[in-house]
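This report refers to the structure that appears directly beneath it.
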Amino acid sequence: MITHDDLLTDEERTEDALELLSGAPYALDVAGKQLGRGGGVYAWWAAPEVFPELGGPPNVNVPTLRLLYLGRAGNLRGRILRNHLRRSGSSTLRRTLAGLLLPEGYRTTWTDRVVLVPEHEIRLTAWMHKNLRLTWAEDPDPEPIEAALVRRFHPPLNVHGVDPEHLQEPVLAAKRAYEASAGEPS
């Protein structure tokens, strides 16, 4: 069966997604109840006081929030709730946030990779609920949409797909610090 979305170009789907992503961001407890299990793209937003050294374009509808990170998922609900809000081992966003927050005493350990210690996984999730907001747009093929939006907006926490001149040194330094924070693997 051919759907309306099958008839749209990647550019049209990107513009449709951008309209939804630019809407008023949701608190994470509200978002968690509304996220679907389909694929799509998502955007994380925060006030400028959160990581003031980083830029990021403002939200069109809530200009007191700025874009921090764009991602894609085959299952939005699962990606946000089971990865981004739970486990640093499976979330680039969580690892980047933890790297930026290391000066606040976040601790890591080795498993098959560097991860936050359990009590700091809980602490980071609470921090995210307090400081971050979320928007999303469902789409069965989110990869080209995410790539186009990352190239257009250069979210400060994104590294992959961002033109080199837009990479943020504090983010790169935080990623390096996070990886080094647990010491050498045993």
*Taking amide H positions as placed in the peptide plane 1.01 Å from N, state which residues far from Leu68 in sequence (5 or more) or on other chains have amide H under 5 Å from it.*
Trp44, Trp45, Ala46
*asked:* Can you give the local net charge around Arg176? Use residues other than it whose beta-carbon is closer than 13 angstrom to its beta-carbon, Lys and Arg +1, Asp and Glu -1.
replied: 0
*GNM on the chain, C-alpha springs below 10 Å: top fluctuator among Val159, Val60, Val171?*
Val60
*Considering only protein heavy atoms, with the full assembly of protein chains and a 1.4 angstrom probe, order Arg79, Arg87, Arg37 by accessible area, largest first.*
Arg37, Arg87, Arg79
_Over region 1-100, what portion of Cα pair distances is larger than 17 Å, expressed as a whole percent?_
59
*With each run of n ≥ 4 DSSP H residues scored as -39500 (n - 2.57), what mean residue ellipticity at 222 nm is computed for the chain after dividing by its residue count and rounding to the nearest 500 deg cm²/dmol?*
-11000 deg cm²/dmol
_Charge context of Val60, other residues only, Cβ under 14 angstrom, K/R +1, D/E -1_ = +1
*asked:* Counting only other residues whose beta carbon sits under 14 Å from that of Pro118, what net charge do I get with K and R as +1, D and E as -1?
replied: +3
_Dipole-positive endmost among Asn131, Ala47, Asn61 within region 45-186 (Cβ charges, Cα centre)_ = Asn131
*Using only the alpha carbons, work out the radius of gyration and Dmax of region 103-186 in angstrom.*
15.7, 42
*Where the centroid of each part is defined by its Cα atoms, how far is region 29-105 from region 148-166 in Å?*
15
_Per residue accessible area of region 33-92, 1.4 Å probe, in Å²_ = 44
*region 23-153 - percent of accessible surface contributed by carbon and sulfur, probe 1.4 Å*: 52
*Whole number please: convex hull volume per residue of the Cα set in the chain, in Å³?*
120
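The values are calculated or read from the model by the stated rules, or taken from the named source; none is laboratory data. Bear in mind the structure is a predicted one, so any value in this text is a computation, not a measurement. All Cβ positions, glycine included, derive from the backbone under ideal geometry; neighbour counts span all protein chains shown. When the accessible area is computed, the model is the full protein with side chains, heavy atoms only, and any ligands, DNA or RNA have been set aside. Shrake-Rupley method; radii C 1.70, N 1.55, O 1.52, S 1.80 Å.
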